[in-house]
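In what follows, a structure is listed as C-alpha cells, so that the remarks can point back to it.
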Amino acid sequence: MSLPATPVSAAAGPLRDTAQLVHDVRAVHDAGALGVLARTDGPYGARAASAGRAELHGTDPVAPHSHFRIGSTTKTFVAVVVLQLAAEGKLSLDDTVDSRLPGVVAGNGNDGRRISIRQLLGHTSGLHDVYADPADFPQTRSASAFRALRFRTYTAAELVGTALRHAPDFAPGTDFGYSNTNYHLAGMIVERVTGNSWQEEVRRRIIGPLALAQTDAPATSEHIRGPHPHAYRTFPDEPEPVDVTEVNPSFAGAAGAMTSTAHDLDRFFTALVAGRLLPPREQAEILRTIPTAGDLNEAWPGSRYGLGIIWIPLPCGGYWSHPGDTFGYSTRGGVTPDARRAYALVVTSEASEATDRAVNDLAANALCP
C-alpha cells in the first residue's frame with residue numbers, strides 16, 4: 001500500500017510553493033523510496049510534505065516531525081567544533097595529526113607527521129576509508145553479519161587502526177579522496193584537545209546555543225529519540241528489505257553518528273552559512289573549496305568540498321550542504337549562500353541514482369527563487 005504525498009505543514013505564501021513541494025516529494029517516492037519527508041524554509045516561511053510509509057508493512061505515514069539518522073551530515077557539526085577550537089587558539093589547522101595524536105597514524109606508508117588537521121577536514125589526507133572494503137566492515141555484506149554486529153561497540157581508535165592496515169590512497173595534499181577515517185581522527189583530536197568527547201563538544205557548542213532540541217549526538221545507544229520512520233536495507237543473502245533502524249551508532253562515530261530532524265538541520269545550516277557559528281577567518285576557511293572526485297562528483301557534478309561542507313551547483317547558482325547516508329537513511333539538504341532559503345529531506349531506504357535525481361530536482365525548486 002502506498003500513501004499519497006501529503007502536505008504536513010504550510011505557512012502563508014503562494015500556494016504554488018506548497019503544491020510544488022508535494023509534487024517533488026511524490027517524485028522522490030515514485031523513484032523508489034519507501035518513505036520521504038522534506039521541509040523547506042524561505043521568504044514565505046516553512047513548509048513540509050511527506051510520502052510513503054513509516055514502516056514497510058504498516059500504513060502510517062511518515063510523521064511531520066520525524067527524527068532520523070543523518071549519517072555524514074554529522075561531519076559538518078564536527079568540522080565546526082574543530083574550527084571553533086582553532087579560533088580559540090587551542091589548535092591550528094596546520095597542526096599535524098601526529099602532533100595531536102602521537103604515533104596513532106603510522107605503518108603501511110601512513111604517516112601522521114605529514115598530514116594536517118586541515119587535510120583531515122577537507123579529505124585531502126590520502127588515508128584509506130575504513131568502510132571501503134567489505135572485508136574490513138562485514139556488517140554491510142550480509143543480513144546475518146548485520147544482525148550479529150548491529151549492537152557491537154566500536155572505538156574511534158579501532159576504526160582508524162582498521163583503515164591503517166591499508167596503504168594511503170595518495171600522498172597527503174595531492175588529491176581529493178572522501179574518507180570517513182579522517183573524521184574519526186578529527187573526533188579523537190577534539191577529545192585530546194578538550195578532554196571531552198566530540199559529542200559533548202557538539203552539544204555544548206552547537207546544539208545548545210542554537211536550541212536544536214531535536215538533535216542528538218549519541219555514543220552507543222541504538223535507539224532514535226522521538227518519533228521516527230523505520231529504515232531498511234537490502235543484502236545479498238536476503239531478498240526482502242531488512243529493518244536496520246536500531247544499530248549501535250559507534251560504528252559511525254564522528255563521521256556519521258548523529259540524529260536530527262528536518263527543522264533542526266535547516267536551522268543549523270542557516271546559522272552556519274549566515275556566519276553565526278564561526279568568526280570571519282574560520283568562516284572563510286570552512287567555505288574555501290576544492291573540486292570533489294569519485295562518487296561525490298558523480299552524484300553532484302561540479303560539486304566542491306570545503307572543510308566538512310560541500311558546494312553543490314544549481315541552475316540558479318548553488319548551495320551549501322553535506323549529504324549523509326547510513327544504514328537505510330539518506331539525508332539531503334542545505335542552504336543558499338545568502339542563508340535565505342533552506343531545505344532538508346530524508347529518504348528511508350538506500351539512495352539510488354533515480355532518487356538522487358528526484359531529490360536534486362526538489363532542491364532546485366526549493367532553493368531557486
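The values are calculated or read from the model by the stated rules, or taken from the named source; none is laboratory data. No experiment lies behind these values; they were computed from the predicted model shown. We place every Cβ from the backbone using ideal geometry, glycine too, and count neighbours over all the protein chains shown. These accessible areas exclude ligands, DNA and RNA; they are computed on the full protein's heavy atoms, side chains included. Shrake-Rupley method; radii C 1.70, N 1.55, O 1.52, S 1.80 Å.
When only C-alpha pairs under 8 Å and at least 6 residues apart count, what is the relative contact order of the chain, in percent?
That works out to 23 percent.
Note down the Stokes-Einstein diffusion coefficient of the chain in µm²/s, whole number, using a Kirkwood radius over alpha carbon pairs, 4 °C, and 1.567 mPa s.
It diffuses with D of about 63 µm²/s by this estimate.
Can you find, among Ala363, Thr326, Gly256, the residue farthest towards the positive end of the dipole of region 224-369? Put +1 on the C-beta of Lys and Arg, -1 on that of Asp and Glu.
The residue sitting most towards the positive pole is Ala363.
With everything on Cα atoms, drop me the angle between helix 353-367 and the longest principal axis of the chain, reported from 0 to 90° to the nearest 10.
Compared with the principal axis, the helix lies near 80 degrees.
Below 15 angstrom from the Cβ of Trp300, what's the summed charge of the other residues (Lys, Arg +1; Asp, Glu -1)?
-3
By how many nm would the segment from His23 to Ser92 grow when fully extended, if each residue of separation counts as 0.36 nm and the alpha-carbon distance is taken off?
Once the chain is fully extended between His23 and Ser92, it gains 20.2 nm.
Restricting to Cα pairs below 8 Å that are 6+ residues apart, what does the relative contact order work out to for region 244-369? Please round to a whole percent.
On the way: 186 pairs, mean separation 27.8, N = 126.
In percent, rounded to a whole number, it is 22.
Can you pull the semi-axes for region 21-166, root of five times each eigenvalue of the Cα gyration tensor, sorted largest first, whole Å?
Result for region 21-166: semi-axes of 38, 24, 12 Å.
Give the residue list of trypsin sites (Lys or Arg not before Pro) in region 288-368 that are DSSP loop and have at most 15 other beta-carbon atoms within 10 angstrom.
Qualifying residues, ordered by number: Arg288, Arg340.
Please report how far the C-alpha centroid of region 274-320 lies from that of region 103-131, rounded to the nearest whole angstrom.
A separation of 21 Å, based on Cα centres.
Quick check on the chain: helices-only [θ] at 222 nm, where DSSP H runs of length 4 and up contribute -39,500 (n - 2.57) each and the sum goes over total residues. Nearest 500, please.
Values: 12 runs with 113 residues, N = 369.
Computed ellipticity for the chain at 222 nm equals -9000 deg cm²/dmol.
For the residue pair Ala274 and Thr155, what label-to-label distance in nm results when each label sits 7 Å from Cα along the Cα-to-beta-carbon direction?
For the pair Ala274/Thr155, the computed spacing is 4.1 nm.
Using +1 on the beta carbon of Lys and Arg, -1 on that of Asp and Glu, and nothing else charged, what's the dipole of region 232-369 about the Cα centre, debye to 20? Spell out each step's value before the answer.
Numbers: 10 positive and 17 negative charges, 189 e Å.
Around 900 debye, computed over region 232-369.
Using the beta-carbon distance between Ser221 and Glu298 and R0 = 25 Å, what value does 1/(1 + (r/R0)^6) give for FRET efficiency, to the nearest 0.05?
0.15
Suppose all protein chains stay in the model; what accessible area per residue would a 1.4 Å probe give for the chain, in Å²?
39
Only loop residues by DSSP count here, and only those with at most 16 other Cβ atoms within 10 Å; note down the trypsin sites (Lys or Arg not before Pro) in region 42-93 that meet that.
The qualifying sites are Lys90.
If you place +1 on the Cβ of every Lys and Arg and -1 on the Cβ of every Asp and Glu, how big does the dipole about the Cα centre of the chain come out, in debye to the nearest 20? Mind showing how you got there, number by number?
Working: 32 positive and 39 negative charges, 184 e Å.
Dipole magnitude for the chain comes out near 880 debye.
Would you mind calculating the gained length between Arg147 and Leu314 on full extension (0.36 nm times residue separation, minus the Cα-Cα distance), in nm to one decimal?
Roughly 56.1 nm would be gained on extension.
What shape does region 248-363 take by its C-alpha gyration tensor, where a ≥ b ≥ c are the square roots of the eigenvalues and a/c under 1.5 counts as rounded, a/b above b/c as prolate, and the rest as oblate?
rounded
Once both axes come from the Cα atoms, what is the angle between helix 181-194 and the longest principal axis of the chain, in degrees from 0 to 90, rounded to 10?
70
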